[in-house]
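The values are calculated or read from the model by the stated rules, or taken from the named source; none is laboratory data. Bear in mind the structure is a predicted one, so any value in this text is a computation, not a measurement. All Cβ positions, even for glycine, are placed from backbone atoms using ideal geometry, and neighbour counts span all protein chains on display.
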Amino acid sequence: MQVKTADGVDLYYEVVGQGPALVFAHGAGGNSASWYQQVPYFSQNYTTLVFDHRGFGRSNFAEDEFNTQYFADDLKVILDHAGIDKATLVCQSMGGWTGINFALANPQRVTALVMSHTIGAISSPEIVTIMQTAAQAREQDSHPFGSLALAIDLPDRDPVKAYLYQRIGRFNTGINLGKILSGKRGQVNGVKPEQLSKLTMPVLFITSLQDRLIPAVAVHLAADLIENAAVAHFDEVGHSSYFECADQFNALLSDFLDTGLEGF
């Protein structure tokens, strides 16, 4: 389904299932198709919505219309068009920018917030230092199916899955990702700690010690800034647990949806 924003950008989204609303916001390496292992599972009990951020997948735009600052407003346009008043947001990596900013602007519309391998726009001097150090130490994979968004050994353990991850990302033909995300239009203003007090809904962060893009220690620091937040860990996966270990990810998310932060 397509909906047009006030500035003329065509946003694509899909809705499957019935029940409480569950919205998935993809990362920079993906699009709405990235959630192919979540939609069939959760749409049995939830109104499940996936969408393409502007410039990704089937959301069309001109390059001068791209700015990650628009992401939260774009999500509001989508939810309004879909008739969804309130939802749990599940945000992967770049999608965390969308989720944090939407939740801060519209806290009454967010039942719960899941921050998967992301700190979103949350920042502090300690987080900045950790992120800069990690970026300087990062090395590109030499494996043809390798990706910084996956566990370093996944291409050898499961080359089919690693190749599929690459192919899904290649659907993003309308965006020069490296150019845009490294420039001014890819930068999101940091959220000040005092702003985070608006996040009164349960917040679950998900991370892994093998995440090479968003270090687990940065995730913990971000979670410490939110009063009602918890952190869950996966082992032996990288930056994309929703993709690499979907069964475990789905089970973890199901538990959180059923019980909130109890047990985390």
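Regarding S147, is this residue polar (S, T, N, Q), within 19 Å of S197 (Cα to Cα), surrounded by 13 or more Cβ atoms within 10 Å (Cβ to Cβ) and at pLDDT below 95? Don't jump to the end; show me each part of the working.
Details: polar (S, T, N, Q): yes; within 19 Å of S197 (Cα to Cα): no; surrounded by 13 or more Cβ atoms within 10 Å (Cβ to Cβ): yes; at pLDDT below 95: yes.
When the stated conditions are applied, S147 does not pass them.
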* Yes/no for T98 being loosely packed, with under 15 Cβ neighbours inside 10 Å and either part of a helix (DSSP H, G or I) or free of Cβ contacts under 8 Å to residues at least 40 places away in the same chain (or both) -> no
* Residue that is modelled with pLDDT under 95, assigned to a helix (DSSP H, G or I), touching a strand residue (DSSP E or B) at 6+ places or on another chain (Cβ under 9 Å) and of a type outside the set (D, E), where the choices are L196, L253 -> L196
* Among the numbered conditions (1) surrounded by fewer than 21 Cβ atoms within 10 Å (Cβ to Cβ); (2) in a helix (DSSP H, G or I); (3) in contact (Cβ under 8 Å) with a residue 40 or more places away in the chain, tell me where I84 comes up short. => (2)
* Asked: Among the residues of region 104-144, how many are assigned to a loop (DSSP other than H, G, I, E, B), in contact with a Cys (Cβ under 9 Å, 6 or more places away or on another chain) and either of a type outside the set (V, I, T) or modelled with pLDDT under 85 (or both)?
  -> 1
* Asked: Among the listed residues V188, V231, V203, which satisfies the condition of being under 24 Å from A28 (Cα atoms), at pLDDT below 95 and either in contact with a helix residue (DSSP H, G or I) (Cβ under 6 Å, 6 or more places away or on another chain) or surrounded by 19 or more Cβ atoms within 10 Å (Cβ to Cβ) (or both)?
  -> V188
